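Participant: Sharing a structure below in C-alpha cells format, with a few things to ask.
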Amino acid sequence: MTREEKSIAIENLTAQLAGSNTVYMADISGLDAETTSNLRRACFKAGIKLEVVKNTLLEKAMEASENNYEDLSTILKGNTAILLSETANAPAKIIKEFRKKSDKPVLKGAYINAEIYIGDNLLDSLASLKSKEEVIGEIIGLLQSPAQRVISALKNQFKDEDAA
C-alpha cells in the first residue's frame with residue numbers, strides 16, 4: 001500500500017468514525033468464508049456496516065477524529081473488524097447471535113455515544129442497552145399514562161352525572 005493509498009484510507013476511516021456514534025471493534029479471525037459471509041449479510045440487514053481494517057490505519061483515523069477514543073487504541077492487536085451502526089445495541093446483538101454457533105466474533109471494545117467499553121465480558125451489557133427509539137417510546141408511554149388516567153376518570157365522572 002502506497003503512502004497516498006494509506007492517506008486516503010485514513011481519511012475514509014476518519015469520515016466513517018465521525019459519521020457514527022456507535023463503533024464496535026471485534027476479532028473475526030478464524031471464521032470460514034461462509035460464516036463471514038453470513039455475518040456480513042446479518043450486519044447489512046441490521047443496518048450495520050462491517051469492515052475489516054488495518055490496526056495502524058484505524059489508530060491514525062481515531063487520532064485524527066474529533067471523537068475521543070482514549071483507550072481503544074490499546075485493543076488494536078491482531079485482526080480487527082469495525083462495526084458501525086446508528087443503533088447502540090445492534091452490533092452487540094449480532095455478535096451475541098453469532099456466538100451461539102461459534103466462539104467468534106470476539107468483542108474487543110466499543111465506542112457508544114462518547115463512552116468507551118473495553119472487553120468481551122461487556123457483550124451482554126451492551127446487547128441489553130436500549131436504543132434511542134426504545135427510550136423515547138418508554139418516555140412517551142410514561143407521559144401518556146397520567147393523562148390517560150385523568151381522561152378515564154373524567155369519562156367516569158360524566159357517566160355518573162348522566163346516570164343521576
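The values are calculated or read from the model by the stated rules, or taken from the named source; none is laboratory data. Bear in mind the structure is a predicted one, so any value in this text is a computation, not a measurement. Cβ: placed from backbone, ideal geometry, glycine included. Neighbour counts: every protein chain shown.
Participant: Give the residue that is farthest from T87 (Cα to Cα), with candidates limited to residues of the stretch 1-36 that are part of a loop (DSSP other than H, G, I, E, B) and not aliphatic (A, V, I, L, M).
Facilitator: The residue in question is T2.
Participant: Looking at the structure I just gave you, is A88 of a type outside the set (V, I, T) and in a strand (DSSP E or B)?
Facilitator: No: the conditions fail for A88.
Participant: Something else now. Determine whether K60 is within 17 Å of L122 (Cβ to Cβ) and in a helix (DSSP H, G or I).
Facilitator: No, not satisfied.
Participant: Here is a further query. Would you check which residues across the stretch 103-129 are exposed (fewer than 13 other Cβ atoms within 10 Å of the Cβ) and either at pLDDT below 85 or among the acidic types (D, E) (or both) and list them?
Facilitator: Hits for the stretch 103-129 are D103, N113, A114, E115, D124, S125, S128.
Participant: While we're on this one: Taking the options S73, S102, S145, name whichever one is in a helix (DSSP H, G or I) and farther than 29 Å from K6 by Cα.
Facilitator: Criteria check complete, one pass: S145.
Participant: Among L83, L50, L39, which is more than 15 Å from I118 (Cα to Cα), assigned to a strand (DSSP E or B) and assigned by TED's automatic domain parsing to the domain that holds K108?
Facilitator: Going through L83, L50, L39 in turn, just one is more than 15 Å from I118 (Cα to Cα), assigned to a strand (DSSP E or B) and assigned by TED's automatic domain parsing to the domain that holds K108: L50.
Participant: Given G47, G30, G78, which one is at positive phi and at pLDDT 90 or above?
Facilitator: Residue meeting the stated conditions: G47.
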